[in-house]
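Right, one structure below, let's go through it.
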Amino acid sequence: MNDNLRDRVLSSLDNSSSAFMNGDPSFFDYFAKDATIYSVGSTEPIHGRETYRQQFEGTLTANRREETVLDRTVQIVGDKAVVAQTVQIKQGDVVANARQTIVYGDTAEGLKVLHLHTSLMGNLAPEMSASAVHIVNEAVGVAAPIVGVAQ
């Protein structure tokens, strides 16, 4: 049973990622009707698939993007699957690294995302260079003894 759920989750992840990358509105169909979604920058959850669709379909379908999974774990907990993954999303010249927690479960509609939480991780903006990183490191180095930050 656990292997079957794991295999179905991995298949759903592949298919939903493809829809996401292609700007296909079927992406939203991978979510349960009553899913809870925390999007990047939100402090309040989005309640339900249709609300999520209304808020983000225009943005999703306006562009294509690339998504690369950098790290992923799938843990089966009873009849649910918890996915923790780090992804890199590239759209045009913008690259963002995100951490996601996704809870899957069976619904009357089949296997669906019940909960999604996405947070941005620190990364360089496209126009930043190695010299910008050096400047940041120097600033931290100067401030570290003052504020007690380990280098």
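Quick note: the coordinates plus some simple rules give every number you see, no bench work behind them. Here the structure is a predicted model, which means the values were calculated and not measured. Ideal geometry is used to build each Cβ from the backbone, glycine not excepted, and the neighbour counts take in all protein chains shown.
Brief remarks follow.
- Footprinting exposure proxy for V82, V9 (fewest neighbouring C-beta atoms within 10 Å first): V82, V9
- Debye intensity ratio I(q)/I(0), log10, segment 2-124, q values 0.14 Å⁻¹ (C-alpha model): -0.58
- Maximal additional length on extending the D3-N63 stretch stands at 18.1 nm, based on 0.36 nm per residue less the C-alpha distance.
- By the count of other C-beta atoms within 10 Å, a proxy for reagent exposure, E109, E44, E57 are ordered fewest to most as E44, E109, E57.
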